Amino acid sequence: MMRALWSAASGMKGQQTNMDVIAHNIANVNTYGGKKVRAEFQDLIYQNLREAGAASGADSQYPTGLQVGLGTRVAATNRIFSQGALQTTDNPTDIGIQGEGFFRITMPDGTTAYTRDGSFKLDSDRRMVTTDGYPLADNITIDETAPSDSIVISGDGRVSCTPAGGDQQEVGQITLARFVNPSGLTAIGKNLFVVSQASGDAIEGNPGTDGAGTLTQSTLEMSSVQIVDEMVNMIVSQRAYESNSKAITTSDSMLEIANGLKR
């Protein structure tokens, strides 16, 4: 009887975590380059009351075992790097990635972080930086006399601008980083990821080469979260939580009956 109580309790705890993940997805439905996170479950250890194949007689054996499971646990939260829709913005410093790859960002401590968020701006030094002021690791600097609408970013990452009274000139090359296992990257907030042992080292290259995606200027990759899917997942999680709570109350009622056998 006590097994049912603890198994159902583990189910409720697991669905609490699942709801946390779903709420995070919904909260990031408008995050540029945001990716859906999925909670993944595993069943817990089993109590073996009888092994499969155990002798049931002199010349016979049980074809199946007798096991009782002890509930569930959240084994992982897997970030799914599916392509988000590209939305036109008409802002020349917005860049969307069509395909695999991450922009390389230089952090204040000199390390490199990675992002799919291409909503870049120009800082006081005319460098292309993130919303938080972190520059692209490719050190793209626009001429101070070049108007913003003269910036041209090609699909293969070449950045050009036209200074006032001059001809168009190339000012840099944007490179992308790919990973053997992008789901193994560690999220640190601000739409940034850092390398982990699971992700493997970054594979750097120009857009459109060696499996890297291409760039589209004046677009932004929207979140890959589908709000309808998350609402359905929320209903499923809520009902699973409710069902587990019913198992606890039912087990409690059965214990109450057992306690009332002797008056």
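The values are calculated or read from the model by the stated rules, or taken from the named source; none is laboratory data. Not measured: the values here are computed from a predicted model. Cβ atoms come from the backbone with ideal geometry, glycine included; neighbour counts cover every protein chain shown. Protein only, heavy atoms only, side chains kept; ligands, DNA and RNA dropped before computing areas. Shrake-Rupley method; radii C 1.70, N 1.55, O 1.52, S 1.80 Å.
I need the full set of residues from segment 1-30 which are among the hydroxyl-bearing types (Ser, Thr, Tyr) and modelled with pLDDT under 95, in order please.
7, 10
Which ones in segment 22-77 are more than 30 Å from residue 119 (Cα to Cα) and β-branched (Val, Ile, Thr)? Within segment 22-77, 45, 64, 68, 72, 74 meet the criteria. Filter segment 127-142 down to residues that are outside any strand (DSSP E or B) and either open to solvent by less than 50 Å² (accessible area, probe 1.4 Å) or of a type in the set (A, V, I, L, M, F, W, C) (or both), then give me how many there are. Matching residues across segment 127-142 total 7. Listed by first and then second residue, the pairs with beta-carbon distance under 6 Å, at least 6 apart or on different chains, first residue in segment 211-230 and in contact (Cβ under 8 Å) with a residue 60 or more places away in the chain, second among the aromatic types (Phe, Trp, Tyr), are 220/32. Considering only segment 55-79, state which residues are touching a strand residue (DSSP E or B) at 6+ places or on another chain (Cβ under 6 Å) and open to solvent by less than 50 Å² (accessible area, probe 1.4 Å). If the condition is that a residue be touching a strand residue (DSSP E or B) at 6+ places or on another chain (Cβ under 6 Å) and open to solvent by less than 50 Å² (accessible area, probe 1.4 Å), then 65, 68, 69, 72, 74, 75, 76, 78 are the ones that fit.
Would you say residue 207 is in a loop (DSSP other than H, G, I, E, B), without any contact (Cβ under 8 Å) to a residue 40 or more places away in the chain and open to solvent by less than 40 Å² (accessible area, probe 1.4 Å)? Criteria not met by residue 207.
Total residues in segment 34-47 satisfying the condition of being at pLDDT 90 or above, in a loop (DSSP other than H, G, I, E, B) and open to solvent by 60 Å² or more (accessible area, probe 1.4 Å): the figure is 0.
Residues of segment 188-203 that are of a type outside the set (Val, Ile, Thr) and closer than 14 Å to residue 107 by Cα: 189, 190, 191, 192, 193.
Quick one: would you say residue 156 is over 24 Å from residue 108 (Cβ atoms), open to solvent by 20 Å² or more (accessible area, probe 1.4 Å) and either part of a loop (DSSP other than H, G, I, E, B) or not basic (Lys, Arg) (or both)? Yes, satisfied. Of all the listed residues (194, 236), the sole one being open to solvent by 70 Å² or more (accessible area, probe 1.4 Å) and aliphatic (A, V, I, L, M) is 236. For segment 1-33, a residue qualifies if it is surrounded by 13 or more Cβ atoms within 10 Å (Cβ to Cβ), assigned to a loop (DSSP other than H, G, I, E, B), in contact with a helix residue (DSSP H, G or I) (Cβ under 8 Å, 6 or more places away or on another chain) and of a type outside the set (Val, Ile, Thr), but none of them does.
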